[in-house]
Structures are given as C-alpha cells and as structure tokens.
Amino acid sequence: MPDELDMTEIIAWLRESDPARLGLLWRRADDTRRARVGDEVHLRGLLEISNHCARECGYCGIRASNRGLPRYRMTADEIVAGARRIAGYGYGSVVMQAGEDPGLRREWVAGVIRRVRAETPLAVTLSLGERPDADYAAWRQAGADRYLLRFETSDPALFARIHPPLGTRPFDRVDALRRMRAMGYEIGSGIMVGLPGQTYESLAEDLELFRALDLDMIGLGPYLPHPDTPLGGGSLPVAPPGTQVPNDELMTCKCLALARLLCPAANIPSTTALSALGAASRTHGLSRGANVVMPNVTPERYRRLYEIYPAKATVDESADAFHARVGEILRALGRIPARGPGGRQQRGA
Ligand code: 5AD
C-alpha cells in the first residue's frame, strides 16, 4: 500500500525544518525502501549516446542554440562496446540517454537495441526524449524494456516557460508515458527540484503525480544553473519569498523520501545531479529512499561534452575507477550490489 499522505501532509514535510522531525521522515522512507525493494542496489550503466539536441530547454547546457559546444553521436559499435563493458562490470542494465536528436533514426536505434539484447544479458532503458509513438513502439519491439521521460514539473505554465515546444507540435509527456506503459514499457519520470518559479504547492503536485502514474522509476535531482542557458542567466523570476522551493540537498532528499513513501515499489536512483551537491549527497540519497545508482560509462572524451549542468560529479572519474569503489560505498551502507536486470518488483498493494 502506498503511504496515505495527503497534499497537506506532503506540503508540511516539504516545509519541515526541525532535524528531529526530519529524522522521522528519513527513517520512514528507509524502512519502506527496505521492506519493499530490499537492501539490493541496482546499478544501471549510463551511456550518453548523443549530445545533439533540437530543443531549446531553458535550463539545459546541451540546448540547440549552444553553438560553441562540439557535438558527437556514438557509433553503434561504440554503444555495443559500452554495453559489453557494463555487462562485464556485472551491472544489470544499460541506460541509453541523449539529447533530442532527430539524427538518431528509428531503425538505427532499433538495430542497436537488437544488438545489445543479442550480445549482452542487459535490460535496455531508453531516455531519448519526445518521439512519435511509432518510434517508441518500434524500440519496444526491438527489445527495449524501459523508458525514462521526466515531466520536469507538473505545472503547465512553468513547463511551457522552461521548455519551448518544437514548432507547433503539441506533446504531452504524461500522456506519452501512459501510452508507453500500454506498449509494455516500464515507465520512469521525474522532476528538477528548485526550478525558478517552483512553489511548494507545485512540488507537492509533482509528487502526487508520481503516485497517480504509479511510476516504475523515479528520477529527481536538484536544478543546477548552467551559465550558458537562459535560466542560468537569471531569465526566470523566482517565486515570492517563502514560496520558492530551494534547489538544495535537503529539499532534494525530502522529495526522494516522499517519492519512496508515495511509490513504495518504484526503482529510485540517487542521481548524479544530487551527487553534484557534495561528497556525502549520494549516500544520503541511498539512506533516504533511493535503491539505484547509475554509474556513467560514457567514454570520457564524450562525457565532458554532455554537460547538461555544470560540474557533473562523474565527469572526471572513469567508469573503471567508479566501479572499483562502488561495492565499497554500498557495503559501508549495509547494502548489496544487485545482480540481474532489476525490473520493478510486484506492482500494486
Ligand atoms: N539541472 C539539473 N538537471 C537538469 N537536467 C537537465 N538540465 C538540468 C540542470 N541544469 C535534467 C532534466 C532532464 C535530465 C536528463 O536532466 O530533468 O530530464
């Protein structure tokens, strides 16, 4: 059973500042995590397969108009080699993520998915943005298991301000997620915490939407201003004093903990954006609701070009180096690296 938190209680937790009370929230989230998804931590190998992007998201460093940024697209062989490396580490799945890149043709991506499925035991997760249903269907057919598409904020006015539509094409991410679920995908979504103009009420609606969608995966992290973006340059006003959500570690951890209570069986990563806030942040995420880590396995020469926000924590640490210490990080927390693809546990009550 998901926790019976109502909107008033969610908002109260988001505004809570008493350390003792917050200790209760962390405890409740950690107990729910242990009871519902156990002590295993799923490791998902992340491949950032292209930094080409057709969109102009106001927050994102790889937006189309950042003309100074060299663009790359990994070859099929490079992606398959990355997947083999992920399998070699013993991780259970590969996440292929990219900007919204029309150069990633439907059939080409389908071919890559088929190769990864044929040549490795990995589950395949895609995070390739807004695409026509025919693409999602073809990729599912080719063997993709999961799709990640953050709705970023459930506030339509704020979303429109940070995420200009492409031409006149209307696209409803929440609807698309529902259709993908009907195609047989496990679906993941999420938000940025502390976007300029994001209020406590709006953030509580986001969390409530996680529950309404019964998400299989939830990815959330702090909004991190990128200097080469309109938002990073201060283009959006913040909400009035006392109503603007901060983009800090504490607020992100509250959201993680509440996401665990609202979606107890979901797979929830302690995200790279959270780790960017400090050395202990990833650990805090894991002890306050998260049960997934996504090591970055993108070849280093590409990784530095996938700068969606500044100072991504993993940019300077090689996949081998992180792999060498991740087991230790987990064991120090009393957790165990999981084996196998790590799909969603039994749905429902
Ligand atoms: N700060 C934090 N997260 C960001 N993302 C993109 N840009 C930023 C930023 N400046 C997140 C978005 C997107 C995901 C891939 O990365 O939520 O969906």
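The values are calculated or read from the model by the stated rules, or taken from the named source; none is laboratory data. Only a predicted model underlies this, so the values are computations on that prediction, with no experimental measurement involved. Here the Cβ positions follow ideal geometry from the backbone for every residue, glycine too, while neighbour counts run over all protein chains shown. The area values use the complete protein model at the heavy-atom level, side chains included, leaving out ligands, DNA and RNA. Shrake-Rupley method; radii C 1.70, N 1.55, O 1.52, S 1.80 Å.
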*Pulled fully out, how much extra length does the chain show between ALA160 and ARG27, if you take 0.36 nm times their separation in residues and subtract their Cα-Cα distance?*
44.2 nm
*Across the range 79-85, in residue order, what do the Karplus-derived ³J(HN,Hα) couplings come to in whole Hz, using 6.51 cos²θ - 1.76 cosθ + 1.60 with θ = phi - 60° and x for Gly and Pro?*
5, 5, 4, x, 5, 4, 4
*If you build a Gaussian network model of the chain, linking Cα atoms that sit under 10 Å apart, which residue out of GLY23, GLY58, GLY197 swings the most?*
GLY23
*Most fluctuating residue of ASP175, ASP18, ASP206 in a GNM of the chain with Cα springs under 10 Å: which is it?*
ASP18
*Of the accessible area of the chain, with the probe set at 1.4 angstrom, what percent is carbon plus sulfur?*
54
*asked:* Can you find, among ILE10, LEU22, VAL37, the residue sitting farthest towards the positive end of the charge dipole of the range 1-60, where Lys and Arg contribute +1 and Asp and Glu -1 at Cβ?
replied: VAL37
*Looking only at ALA290, ALA212, ALA204, which one moves most when the chain is put into a Gaussian network model with springs between Cα atoms under 10 Å?*
ALA212
*For the range 7-337, give the magnitude of the charge dipole about the Cα centre (Cβ charges: +1 Lys/Arg, -1 Asp/Glu; no others), in debye to the nearest 20.*
560
*Taking only DSSP H segments of four or more residues, each worth -39500 (n - 2.57), what value at 222 nm results for the chain once the sum is divided by all its residues, to the nearest 500 deg cm²/dmol?*
-12000 deg cm²/dmol
*asked:* Once each part is reduced to its C-alpha centroid, what is the distance from the range 135-156 to the range 19-67 in angstrom?
replied: 16
*Could you sort ARG131, ARG21 by accessible area so the largest value comes first, with the probe set to 1.4 Å?*
ARG21, ARG131
*Have a look at GLY129, TRP139, PHE151 and report the one farthest towards the positive end of the charge dipole of the range 100-204, computed about the Cα centre with Cβ charges (Lys/Arg +1, Asp/Glu -1).*
TRP139
*Length gain on complete extension for the stretch GLU107 to ALA280, per 0.36 nm per residue less the alpha carbon to alpha carbon distance?*
58.1 nm
_Rounded, prolate or oblate (a/c below 1.5 giving rounded, otherwise prolate when a/b exceeds b/c) for the chain by Cα gyration tensor_ = rounded
*Could you please report the charge total around ASP135, scoring K, R as +1 and D, E as -1 over all other residues with beta-carbon less than 11 angstrom from its beta-carbon?*
+1
